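One structure is given here, and the rest of the page talks about it.
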Amino acid sequence: MTFAEAIKSGFKNYVKFTGRASRSEYWWFQLFYILCLIIPASLMMGEITSGSAGLGTTLYYILVLAFLLPGLGLAFRRLHDTNRSAWWLLLSFVPFGGIAILVFLCLPGTSGPNKYGAGPFMTQIANTFE
């Protein structure tokens, strides 16, 4: 999946918590999220030195809220691709549990169908014929 396709798919399926997502879809979307936060974060740095909250802080929180559901849905689907339940995300509340989640998100998906559906590649092919 390309960068643009991953962004489009992430926002198109922003409340879809079923199915599977490929590694490329997940990581391209995360890169886009980080790139979107660079400008507000740099504005916030200037606000920290001046001691007042302004446009950067507001924009930052708006973007975080805008990406919350798409990112969560994508993380669910990514874990499903590795044949794991999305309940594993609760591990991030345990000390060092985020490291395990990061490893799970980096692992390749199961080849062929698993209990969460057909592979992301097969789903993508089926969607092109609809």
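Rolling a 1.4 angstrom probe over the protein heavy atoms, how many square angstrom per residue are accessible across region 16-69?
62 Å²
Measure off, as a whole percent, the carbon and sulfur share of the 1.4 Å-probe accessible area of region 46-108, all protein chains present. Please report the intermediate quantities before stating the final value.
Working: 2890 of 3690 Å².
Solvent-exposed carbon and sulfur of region 46-108 make up 78 percent of the total.
Nothing charged except the Cβ atoms of Lys and Arg (+1) and of Asp and Glu (-1): what's the magnitude of the dipole of the chain about its Cα centre? Round to the nearest 20 debye.
Details: 9 positive and 5 negative charges, 74 e Å.
Charge dipole, the chain, about its Cα centre: 360 debye, nearest 20.
So, counting K/R as plus one and D/E as minus one, what does the shell of residues with Cβ under 11 Å around Y116 add up to?
For residues surrounding Y116, the net value is +4.
If you average the sequence gap of Cα pairs under 8 Å that are 6 or more apart and divide by the length of the chain, what percent do you get for the contact order? Let's see the in-between values first.
Values: 148 pairs, mean separation 39.1, N = 130.
Reported relative contact order: 30 percent.
Report, as a whole number in µm² per second, the diffusion coefficient that Stokes-Einstein gives for region 33-96 at 25 °C and 0.890 mPa s using the Kirkwood radius over alpha carbon pairs.
Roughly 178 µm²/s, to the nearest whole number.
Among (1) 41, 33, 26; (2) 55, 38, 20; (3) 47, 39, 25, only one was calculated for this model; which label is it, if the read-out is Cα extents along the principal axes in Å?
Matching entry in (1) 41, 33, 26; (2) 55, 38, 20; (3) 47, 39, 25: (2).
Under DSSP H, which helices of the chain have Cα atoms covering 27 Å or more of the helix axis and a Kyte-Doolittle average no less than 0.5? Mind dumping the intermediate values first?
On the way: long enough: 23-50 (40 Å, 0.80); 55-81 (38 Å, 1.10).
For the chain, where a helix must reach 27 Å along its axis and average at least 0.5, the hits are 23-50, 55-81.
Just to be sure I understand: if I project the alpha-carbon convex hull of region 16-65 onto a plane and average over all orientations, what area do I get in nm²?
Mean projected area for region 16-65: 4.1 nm², to one decimal.
Of the residues V103, V94, V15, which exhibits the maximal mean-square fluctuation in a Gaussian network model of the chain defined by a 10 Å Cα contact cut-off?
Comparing V103, V94, V15 in the GNM, the peak value goes to V94.
Quick check: residue separation of Y14 and L55 times 0.36 nm, minus the Cα distance between them. What number comes out in nm? All intermediate terms of the calculation are to be shown ahead of the outcome.
Working: separation 41, 0.36 × 41 = 14.76 nm, distance 2.60 nm.
Extra length from Y14 to L55 when fully extended: 12.2 nm.
The values are calculated or read from the model by the stated rules, or taken from the named source; none is laboratory data. From a predicted model like this one, the values you see are computed outputs, not experimental measurements. FYI the Cβ positions are ideal-geometry reconstructions off the backbone, even for glycines, and counts take in every protein chain you see. When the accessible area is computed, the model is the full protein with side chains, heavy atoms only, and any ligands, DNA or RNA have been set aside. Shrake-Rupley method; radii C 1.70, N 1.55, O 1.52, S 1.80 Å.
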